[in-house]
Structure formats: structure tokens, C-alpha cells
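Written out below as C-alpha cells is the structure these notes cover.
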Amino acid sequence: MVKLARDEREMLDGIQGPAKQRAMEILVQYADALGAERFIDTNNVHLLIGFHPYPEVVTVRDADELVSKFLLDSEDKIVVDNVKTFNTTHIFATDLERWQLMGAPESLHKLMEAIRKYCIRTGISLMATCTPYQVGNIPTKGEHCAWTESSAVPFCNAVLGARTNTEAAHSAFPIALTGKVPLSGFHLDENRLGDHLVRVEIDVNSVMEWYLLGYYAGEMSQLAVPVIDLRHGMVPNISMLKGFNAAGASSGGIMMYHVVAVTPEAPTLEAAFGHKRIKETLTYGQAERRQTYEALNSAKDPTVDLINIGCPHYSLEELREVTRLLEGKRVHESVTLWIWTAHQLKALADRNGYTDIILRAGGQLMTDSCPLNTNLFPRGTKVVATDSAKHAHYAPAIAGVAVWFGSMKECIEAAITGKWRGELK
Ligand code: F3S
């Protein structure tokens, strides 16, 4: 049984109100299931609240009822005044402004509006992105957090050196109400050390190459902690690591990893493994790269219907790059081009003229959401091209579409010509 501190006992006994009491009841069960001995304090939660409504939602009348039912597992309406922690929101089911472009029904838009107002009322910082670390939620090394979103979790752990497990919507909300997270998993030093060694024998120097490496590492490591040993001198940028995280969390369940001499807890190979012995040594070379590329490309027909890029949401650097590729060009009349980013970055794109260039070319710069989340694809979409291994992994199963995976440049060429001509060089 998890041991409770005085303030935790008070919350459980209802002294701090019904919302915290219900949250603490859930967290005690959660901590016991994880085998945690105690809770630790957190002041950084990335919540999933603007989620895809379950069928039962049609009977729900307002956001308080929705949150009570789905995030506090209560048939009684529990009204929350204020969440305790600093927290940000993962994506919503729709773009909050361009919901009609997604083909979302008005009922879903109204529900998202109700949740948006709920966030403002309760002190939840409305971020609506899968990349909170790109737009202002940047925890420090060692900081205990509670994040949802599989691609963001390894960024928090491995790239920033902060500490989180992959929280579900149903655990993150009670944590936000109480500021308490079970001490388990990646909050503990021991579990952060490496398990597998991945020796990289080829150059990995573009976002696409990091997606491929991440997809391979995820598949081979599953929930273990891989240690990536690059050829001398290679230093990935943020977009590359973002791609690695998203891919590794899709093909496997990577939540923590190390890149020797790059990520903060692995200044050396020895530091990455600590006292642990290496369980397995893997080699990533041309053969593994090609196999991974082929596994991600499920399409046969070169005629594309949708180009979906920005999964995870594009950084400002990526928005600048895609704008350069699109400038003065025109998207093919039978193709839809969706580019996804955080709305905070769209504001910068607007200011820098990027949005105008995308719109003039016939594309759309979309925010707050993504089609995989709600399965809202343009009507009749059969073939999708993307530069995201995560999108390529999930779209066939979720939407029944075939997918081409390649670089941003290949995706934009397909948007303009209507045909996929990408290849592994
Ligand atoms: Fe983000 Fe949606 Fe991709 S949540 S990581 S854009 S699947």
C-alpha cells in the first residue's frame, strides 16, 4: 500500500473538497497498481482533455459532466474550481478555428468550445499541441512531471532530462488536481539507465533518417531503454530528436533513451549504462535502414490524395523550410495539403509571412489537432503521403488508407505533381 503524507491524507479524507478527494482515490489505486511506495510532488502536467468523444458523450450535457465522467470516473458531477499545478493541454479533437476544413461536425466543435472554456475557468493553460516543449512547457533536468502523449514523453525524459512516465488522460487529470504523482518508473534513477546498445554504422543526418533510426530502435527495444551510439561527430537538432521520439514510441514504446555525448544523462557510454550490464548490442546499418523504410511504405499507387505533414507538430524551423519549398508553387488540384503546427507557432508563421505562402500555394496551415486523433480525413482519401513515421505507422490501421513515407521535400513534390516519386537514396 502506498504511504500517504499528511496533505495527501487530508485530500483523501475530503478535507480539501470533493474534486481532490476523488482525484486522490484514483491516484491511490494507481500508485498501488504501480507498486509505488509513496507520492512525489509535481508542478508540470501535460493533460489530455480535449479528447475525441466516446459514444457515450452524446448524453453528456456540459464540460463539468464530461470531465467528471471520463477523467474522474464519476457519475456524479464534480465541479472543479482550479487545478493545482502548472499544466498544458495536449491536442484537441479539432482545429479550434478551422474545424470545418477538417470536416468536423458542429456538435464536436461545440464540445471542444465547451472544453476550451472549462480550461480557462479552471486554470488549465490552453496549449493544444503534442509538442509542449516547442511552445513554452520546458521542464528542467531532474524535474518531476506527468505528461501524456507518447512522442512528448521521451522528449521530456531523454532530451530535457526531466522525469515522467507516460500518463493517460485518466491519470494526468487527477495529478493536475492534486500535484501528486506516484514515485515509480522513470521518476527513479535505476529505470533511466540503458538496456540495449544500438551502434549506428551509417550517417544519420536528416529528420527522415532520424525517423528511420527511431522506428528501428523502437521496434527492437519495445519498452526498454536504448542507448544510441552514433558515428563520431554527429549532433542531431531538435527536429531530428522529435522525429526519433515519435517513431520510437510508435513501433515500440520508447519512453527513455540516450544518445551518447548528446542527451544530458549520457555524457559517455559508461554513464548511459551505469552499473547495468548491456542486455543486447544491435547494429543499425544500410540493411536495417532499408528494411525500416520498406515497412513504413504501405502504398502502391503513386497517385496521392492527401499530404499530411507536421506530426508531431512542426517547429518554426520546419515551417520556414516547408515555406521555402512551396514558395511560388501550386498544389495539384486533386491533392489536399495539410501542415500541422501549434497555434502559438502559427502566430509566428503569420507574422513571418509563411502562412500567406502556404495559403497562396493552395495548402492549409492547421493547428490544435491532427487527423489521426479524430479520424477526420478529407472525404475519399485513399493514399496519403507524409514525412512522419508515426503517421505512416498508425494511418493505415486508423483510417484504412495506404501511406507513402519520405522526406519533407518529397512530400511537397507530391503535393505539387499529385504523384509520389520518393525513394530511398
Ligand atoms: Fe501529434 Fe497527432 Fe502526430 S498528436 S504526434 S500530430 S498523431
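The values are calculated or read from the model by the stated rules, or taken from the named source; none is laboratory data. All of these numbers come straight from a predicted model, not from anything done at the bench. Note: ideal-geometry Cβ built from the backbone for every residue, glycine included; neighbour counts use all protein chains shown. SASA here: full protein model, heavy atoms, side chains in, ligands and nucleic acids out. Shrake-Rupley method; radii C 1.70, N 1.55, O 1.52, S 1.80 Å.
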Look through segment 355-384, keep the residues that are part of a helix (DSSP H, G or I) and open to solvent by 20 Å² or more (accessible area, probe 1.4 Å), and return whichever of them is nearest to THR94 (Cα to Cα). ASN373
Across segment 314-330, which residue is most open to solvent (accessible area, probe 1.4 Å) among those that are among the charged types (D, E, K, R) and not in a helix (DSSP H, G or I)? ARG330
Hits in segment 208-234 - residues which are surrounded by fewer than 18 Cβ atoms within 10 Å (Cβ to Cβ) and under 18 Å from the mean Cα position of the chain (by Cα): GLN222, LEU223
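Among the residues of segment 274-310, which ones are among the hydrophobic types (A, V, I, L, M, F, W, C) and within 22 Å of ALA392 (Cα to Cα)? Explain how you work it out, then say what you get.
Residues of segment 274-310 among the hydrophobic types (A, V, I, L, M, F, W, C): 278, 282, 287, 295-296, 299, 304, 306-307, 309.
Correct list: ALA287, ALA295, LEU296, ALA299, VAL304, LEU306, ILE307, ILE309.
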Qualifying positions in segment 139-155 - in contact with a Pro (Cβ under 7 Å, 6 or more places away or on another chain) and within 16 Å of the ligand (Cβ to nearest atom): SER151, ALA152
Away from the ligand (no atom under 15 Å from the Cβ), surrounded by fewer than 19 Cβ atoms within 10 Å (Cβ to Cβ) and closer than 26 Å to MET112 by Cα - does that describe any residue in segment 402-422? no
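Residues that are within 30 Å of MET366 (Cβ to Cβ), modelled with pLDDT of 95 or more and open to solvent by 40 Å² or more (accessible area, probe 1.4 Å): does segment 274-293 have at least one?
Keep residues of segment 274-293 that are within 30 Å of MET366 (Cβ to Cβ), which gives 292-293.
Now restrict to residues that are modelled with pLDDT of 95 or more: 292-293.
Next, from what is left, pick out any that are open to solvent by 40 Å² or more (accessible area, probe 1.4 Å): none.
No, that holds for no residue.
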Please determine, by comparing only the residues of segment 18-36 that are over 12 Å from VAL181 (Cα atoms) and touching a residue at least 60 places away in the same chain (Cβ under 8 Å), which one is most open to solvent (accessible area, probe 1.4 Å). PRO18
Just wondering, is there one or more residues in segment 177-198 that are of a type in the set (A, V, I, L, M, F, W, C), open to solvent by 30 Å² or more (accessible area, probe 1.4 Å) and without any contact (Cβ under 8 Å) to a residue 60 or more places away in the chain? yes
Residue hits (segment 112-154; open to solvent by less than 30 Å² (accessible area, probe 1.4 Å) and either modelled with pLDDT under 95 or over 22 Å from the mean Cα position of the chain (by Cα) (or both)) are MET112, ILE115, TYR118, THR122
Within the bounds of segment 261-273, is there any residue that is open to solvent by less than 40 Å² (accessible area, probe 1.4 Å) and under 28 Å from ALA392 (Cα atoms)? yes
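Would you check if MET220 is in a helix (DSSP H, G or I), away from the ligand (no atom under 16 Å from the Cβ), modelled with pLDDT of 95 or more and in contact with a Pro (Cβ under 8 Å, 6 or more places away or on another chain)? Show your work before the answer.
Values: in a helix (DSSP H, G or I): yes; away from the ligand (no atom under 16 Å from the Cβ): yes; modelled with pLDDT of 95 or more: yes; in contact with a Pro (Cβ under 8 Å, 6 or more places away or on another chain): yes.
In short, yes.
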Within segment 371-398, the count of residues that are at pLDDT below 95 and more than 18 Å from HIS332 (Cα to Cα) comes to 7
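Could you list, in sequence order, the residues of segment 299-313 that are away from the ligand (no atom under 16 Å from the Cβ) and either under 20 Å from TYR354 (Cα atoms) or surrounded by fewer than 18 Cβ atoms within 10 Å (Cβ to Cβ) (or both)? Show your work before the answer.
Filtering segment 299-313 down to residues away from the ligand (no atom under 16 Å from the Cβ) leaves 299-305.
Answer for segment 299-313, where residues must be away from the ligand (no atom under 16 Å from the Cβ) and either under 20 Å from TYR354 (Cα atoms) or surrounded by fewer than 18 Cβ atoms within 10 Å (Cβ to Cβ) (or both): LYS300, ASP301, PRO302, THR303.
For segment 385-400, which residues satisfy the criterion of being open to solvent by less than 10 Å² (accessible area, probe 1.4 Å) and in contact with a Pro (Cβ under 9 Å, 6 or more places away or on another chain)?
SER388, HIS391, ALA395
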Please determine whether any residue of segment 317-328 is within 19 Å of the chain's Cα centre (by Cα) and away from the ligand (no atom under 16 Å from the Cβ). yes
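In segment 331-349, what count of residues is obtained for those that are hydroxyl-bearing (Ser, Thr, Tyr) and assigned to a loop (DSSP other than H, G, I, E, B)?
From segment 331-349, those hydroxyl-bearing (Ser, Thr, Tyr) are 334, 336, 341; that's our starting set.
Cutting the leftovers down to assigned to a loop (DSSP other than H, G, I, E, B) gives us 334.
Counting residues in segment 331-349 that are hydroxyl-bearing (Ser, Thr, Tyr) and assigned to a loop (DSSP other than H, G, I, E, B) gives 1.
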Residues of segment 77-98 being free of Cβ contacts under 8 Å to residues at least 60 places away in the same chain and within 15 Å of LYS20 (Cβ to Cβ), in sequence order, are ASN82
Within segment 150-189, which residues are assigned to a loop (DSSP other than H, G, I, E, B) and at negative phi? SER150, SER151, LEU160, ALA162, THR164, ASN165, GLU167, ALA168, LEU183, SER184, LEU188
